[in-house]
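Everything on this sheet refers to the single structure shown next.
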Amino acid sequence: MSPLITIGNGCIGLSVGFSLLGMILFFASRRTESSSLAPLASLAAWGRGSVYANFILITTANLAKVYGLLSNDFGISYVAHVGSLETPRWISAISLWSSLEGSILFWGWILTTYAAVCIYIYRDRDEKFFSWVGLTLLFVELFFFLLLALPANPFLPVIPAAMNGPGPNPLLQNHWLMSIHPPFLYIGYIGFTVPFAFAIASLLETGEEWISWARPWILFAWSFLSMAIVLGGWWSYAVLGWGGYWAWDPVENASFMPWLTGTALVHSIIVYEKRKMLHSWNVMLAILTFLLTLLGTFLTRSGVLDSVHSFTESHVGPYFLVFIGITLVLSMTLLLWKSPQSQEQGKVQSLFSLEVLFLFNNLLFLSFCFIVFLGTLYPLIVEAIKGQRISVGEPYFNQMTVPIVGMILLLMGIGLATPWKKGSFRSFLNLSLKPAVVALLITGCSFFRGARNLWLMVVIFLASFAFLIMLFEVARIFRQQGVTNLFATNRRRYGGFVSHLGALIIIVAIAISSLYKKDHEITLQKGESGQIGRYTLTLQGITAEQAAQRFEIKAIVQVSEKGKILGELTPQMNFYPMSQQPIGSPAVRSTPVEDLYLTLISFEQDGSKVSIRAMISPAVSWIWIGGVLVMIGGLIAL
Amino acid sequence: MKKKILILLGVVLIAGGLAYTLWGGLEQNLVYFVTPTELIQKGDAAIGNPVRLGGVVAEGSLHVTESEVNFQIADDHHRVSVVSHVTPPQMFQEGIGAVVEGALQKDKKFLAERLMVKHGNEYRPPEEGKMPQQIYQQLLKK
């Protein structure tokens with residue numbers, strides 16, 4: 001038996017023990033007085049020790065797993081399941097998250113890292129409050145360690161050791177994005193555990209300051225989750241070959257729901273900080289966001305959905321349901337039982353004030369989340385009750401969410417021109433008149449450039465209005481203070497501007513690309529040319545190559561425009577030895593204006609003819625740029 | 001008093017939105033998964049309603065021409081004739097599990113707008129004649 005198995009299981013077993021021990025220590029520590037002179041004498045310090053121990057143990061287990069994957073140790077079940085001698089080594093390393101057990105192990109690593117950093121940073125702060133934080137974090141850790149110990153054990157022995165394995169799911173070894181999308185998603189998803197722990201602690205121990213403590217954690221997690229969702233869309237676009245990036249697939253929705261409540265939270269914490277309002281509301285949102293990350297993981301990992309993320313049949317589903325149930329009941333009980341004690345100091349003075357607009361923003365994001373929630377879970381409920389298999393079509397989501405996005409855009413603009421407490425109509429007009437006029441001009445111009453869709457016009461108007469209000473303010477600051485470092489003036493506000501700019505770009509790019517996407521199918525003989533929009537495609541030939549882990553068929557297509565050669569695109573089809581279906585790799589020529597997207601649909605086996613699907617999608621690359629801006633803005637505002 | 005009216009207004013708005021979501025949005029946009037047997041049992045009621053039809057591409061039924069694809073989707077008891085104008089994916093072949101999206105027409109033919117090969121999680125080596133090596137050799141022969 002591989003020594004890695006002993007190391008891995010030893011670490012997991014010990015961390016289960018340390019979690020239990022740490023929870024008891026933290027619980028008991030509330031009754032003792034701590035002395036800063038002898039820090040190790042306090043029970044809480046020992047509790048913190050268990051958090052650090054878990055971090056070291058799970059780090060070791062992860063290293064053991066990666067070592068096992070890199071060294072092709074097929075005596076370990078997980079390696080025998082996702083590894084293969086032929087797989088390139090970098091793909092083997094990231095296979096850590098290419099299947100269920102490894103992904104939970106990796107989850108455990110991010111979680112213990114968060115917990116250790118959090119507990120270390122606040123080691124000298126309010127010990128009673130942070131004992132509850134530590135206890136909550138260990139409670140969540142315990143759940144994931146139990147998963148690792150029981151239904152999702154990544155260190156089961158294979159006797160005798162296999163000679164070779166099938167390699168990871170072909171879809172997951174097709175693109176470099178696979179190496180960054182999952183870590184970003186995990187950093188985002190799991191990051192919401194920390195604010196959750198703060199929220200729970202705030203219910204048990206008066207910690208009115210919890211929101212300012214939680215704020216950087218919320219923004220950090222939110223920034224990474226935002227980027228991860230965009231990266232997921234990008235991966236889907238670059239790998240799956242259907243030419244889109246978002247399909248309201250349950251797996252996408254699973255990552256989107258906590259983002260929506262997280263975004264509501266990012267805004268509502270500002271209301272608390274500025275106006276001391278919405279305290280319990282913030283607690284509720286932090287809990288809800290965490291629960292939705294668990295729900296998302298349940299949906300994607302339990303196998304209730306048919307998807308690339310569900311891996312294979314697994315037994316983690318019931319565990320997740322029980323844990324979600326316990327967490328839901330415990331936190332709701334706490335919320336009902338304890339929240340009346342926390343005093344809300346601020347009062348609404350006028351309906352025309354920023355706090356009221358923030359409240360509307362929150363309601364919109366929550367309604368958005370509810371719509372997505374309903375559309376995602378409805379088929380599961382119907383199947384469970386009636387045994388009938390249905391799916392909720394994309395039109396439901398589009399039809400329901402487009403008006404909400406419109407209202408959010410509207411708020412984004414007017415919110416920037418509205419002050420706290422009580423706004424005056426005159427100053428609002430002052431701030432918004434010029435932007436509104438210019439936005440109207442922009443909308444008019446785009447109308448004459450051919451944008452004839454009503455919703456698109458609305459989106460363009462509202463987005464440019466919000467953008468111009470920001471632009472005018474930035475210009476005003478530059479006029480008053482010369483060329484200044486904007487972020488030094490008010491880092492949070494202008495970090496927010498960067499995120500908002502990113503969001504505006506994404507929304508407009510989505511609107512344009514979904515309305516004006518053109519889809520063609522073309523069959524070409526060798527040497528033949530065909531016209532797609534303004535491009536001429538010429539099939540130069542087909543090649544077939546045996547790569548290390550797969551067999552590749554490539555169509556070499558020359559792209560030219562009005563006789564000028566723009567370059568070559570090679571959409572390809574990859575045959576993996578253990579997979580029945582080939583996996584396509586689309587080829588994309590990306591420009592700021594539009595993408596030309598080619599996928600190989602089929603080919604004659606003698607190499608004489610290919611069928612190609614050619615799509616022209618305008619503005620798609622702006623979505624990725626917008627995603628980067630959203631993330632950077634969030635990190636600036638930390 | 002004013003506060004109560006506001007709260008009431010909020011509740012009415014939320015409830016209204018909820019009802020609209022449920023009845024206006026969701027029910028209109030459900031796509032049902034059916035098997036050939038289920039589709040045939042529905043009889044004329046199935047005509048024109050978009051569904052996803054899942055089954056096996058029946059042996060000997062696949063005919064591909066320049067402009068259209070004809071085949072039958074079968075389960076253990078029944079078969080439904082399908083016609084489509086989209087190019088089928090590379091591995092679309094007889095005997096493979098497939099899902100087609102579209103609706104039954106008046107002539108009892110199913111008009112499919114999307115043809116999907118079932119992505120099974122189970123790994124099975126490709127069949128004889130579809131092996132990469134053989135494709136490779138044929139491509140080299142040209």
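Numbers below:
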quantity: The range B:33-61 - residue that is within 13 Å of residue B:103 (Cα to Cα) and small (Gly, Ala, Ser) and, of those, farthest from the other protein chains (Cβ to nearest Cβ); calculated: B:43
quantity: Options A:179, A:202: the member that is more than 30 Å from residue A:612 (Cβ to Cβ) and small (Gly, Ala, Ser); calculated: A:202
quantity: Boolean, residue A:255 is within 30 Å of residue B:89 (Cβ to Cβ), at pLDDT 90 or above, small (Gly, Ala, Ser) and part of a helix (DSSP H, G or I); calculated: yes
quantity: Per-region count, the range A:598-638, residues over 25 Å from the mean Cα position of the chain (by Cα) and of a type outside the set (Lys, Arg); calculated: 17
quantity: Residue A:463 vs. criteria surrounded by 15 or more Cβ atoms within 10 Å (Cβ to Cβ) and within 30 Å of residue A:587 (Cβ to Cβ); calculated: no
quantity: Filter pass, residue A:129 being closer than 21 Å to residue A:76 by Cβ and part of a helix (DSSP H, G or I); calculated: no
quantity: Tally, over the range A:405-450, of residues that are under 35 Å from the mean Cα position of the chain (by Cα), under 26 Å from residue A:273 (Cβ atoms) and not hydroxyl-bearing (Ser, Thr, Tyr); calculated: 15
quantity: Residues of the range A:530-565 classified as among the polar types (S, T, N, Q), more than 10 Å from every other protein chain (Cβ to nearest Cβ) and surrounded by 14 or more Cβ atoms within 10 Å (Cβ to Cβ), total; calculated: 6
quantity: Checklist (1) surrounded by 24 or more Cβ atoms within 10 Å (Cβ to Cβ); (2) more than 19 Å from residue A:282 (Cα to Cα) applied to residue A:224, failing item; calculated: (1)
quantity: Looking only at the range A:364-395, and only at residues there that are in contact (Cβ under 8 Å) with a residue 60 or more places away in the chain and among the aromatic types (Phe, Trp, Tyr), the one that is farthest from the other protein chains (Cβ to nearest Cβ); calculated: A:365
quantity: Candidates B:17, B:43, B:54 - the one that is crowded, with 16+ Cβ neighbours inside 10 Å and either without any contact (Cβ under 8 Å) to a residue 40 or more places away in the chain or not assigned by TED's automatic domain parsing to the domain that holds residue B:108 (or both); calculated: B:17
quantity: Residues being facing chain B (nearest Cβ under 9 Å) and farther than 14 Å from residue A:539 by Cα - total across the range A:566-600; calculated: 10
quantity: Evaluation of residue B:93 against (1) over 25 Å from residue A:542 (Cβ atoms); (2) modelled with pLDDT of 75 or more; (3) not acidic (Asp, Glu) (one fails), failing number; calculated: (1)
quantity: Residue identified as away from chain B (no Cβ under 14 Å), of a type in the set (Ser, Thr, Tyr) and within 30 Å of residue A:255 (Cβ to Cβ) among A:464, A:446, A:432; calculated: A:464
quantity: Count - residues of the range A:523-558 that are farther than 18 Å from residue A:601 by Cα and β-branched (Val, Ile, Thr); calculated: 1
quantity: Criterion: more than 30 Å from residue B:50 (Cα to Cα) and part of a helix (DSSP H, G or I) - qualifying residue of A:397, A:365; calculated: A:365
quantity: Residues satisfying the stated conditions in the range A:147-180, i.e. aromatic (Phe, Trp, Tyr) and closer than 22 Å to residue A:548 by Cβ; calculated: A:176
quantity: Residue in the range A:194-217 that is charged (D, E, K, R), surrounded by fewer than 23 Cβ atoms within 10 Å (Cβ to Cβ) and part of a helix (DSSP H, G or I) present; calculated: yes
quantity: Residue under evaluation residue A:360, criteria (1) over 22 Å from residue A:468 (Cβ atoms); (2) within 14 Å of chain B (Cβ to nearest Cβ), criterion not met; calculated: (1)
quantity: Qualifying residue in the range B:55-65 (condition: touching a helix residue (DSSP H, G or I) at 6+ places or on another chain (Cβ under 9 Å) and modelled with pLDDT of 85 or more); calculated: yes
quantity: Filtered residue count, the range A:259-284, keeping only those that are of a type in the set (A, V, I, L, M), touching a helix residue (DSSP H, G or I) at 6+ places or on another chain (Cβ under 6 Å) and part of a helix (DSSP H, G or I); calculated: 7
quantity: Residue tally, condition crowded, with 16+ Cβ neighbours inside 10 Å and either within 12 Å of chain A (Cβ to nearest Cβ) or among the charged types (D, E, K, R) (or both), over the range B:62-83; calculated: 3
quantity: Checklist (1) at negative phi; (2) out of contact with any Pro (no Cβ under 9 Å at 6 or more places or on another chain); (3) surrounded by fewer than 22 Cβ atoms within 10 Å (Cβ to Cβ) applied to residue A:72, failing item; calculated: (1)
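For (1) surrounded by 17 or more Cβ atoms within 10 Å (Cβ to Cβ); (2) at pLDDT 85 or above; (3) basic (Lys, Arg), each residue gets a yes or a no:
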position: A:147; (1), (2), (3): yes, yes, no
position: A:152; (1), (2), (3): yes, yes, no
position: A:157; (1), (2), (3): no, yes, no
position: A:165; (1), (2), (3): yes, yes, no
position: A:171; (1), (2), (3): yes, no, no
position: A:178; (1), (2), (3): yes, yes, no
position: A:184; (1), (2), (3): yes, yes, no
position: A:187; (1), (2), (3): yes, yes, no
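So that you can scan it fast, the table gives a plain yes or no per residue for (1) under 25 Å from the mean Cα position of the chain (by Cα); (2) of a type in the set (A, V, I, L, M):
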{"site": "A:141", "(1), (2)": "yes, no"}
{"site": "A:149", "(1), (2)": "no, yes"}
{"site": "A:157", "(1), (2)": "no, no"}
{"site": "A:160", "(1), (2)": "no, no"}
{"site": "A:163", "(1), (2)": "no, yes"}
{"site": "A:173", "(1), (2)": "yes, no"}
{"site": "A:178", "(1), (2)": "yes, yes"}
{"site": "A:182", "(1), (2)": "yes, no"}
{"site": "A:190", "(1), (2)": "yes, yes"}
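The values are calculated or read from the model by the stated rules, or taken from the named source; none is laboratory data. Note that the structure is a prediction, hence the values are computed from the model and not measured. With ideal geometry, Cβ positions are generated from the backbone for all residues, glycine too; neighbour counts draw on all protein chains shown.
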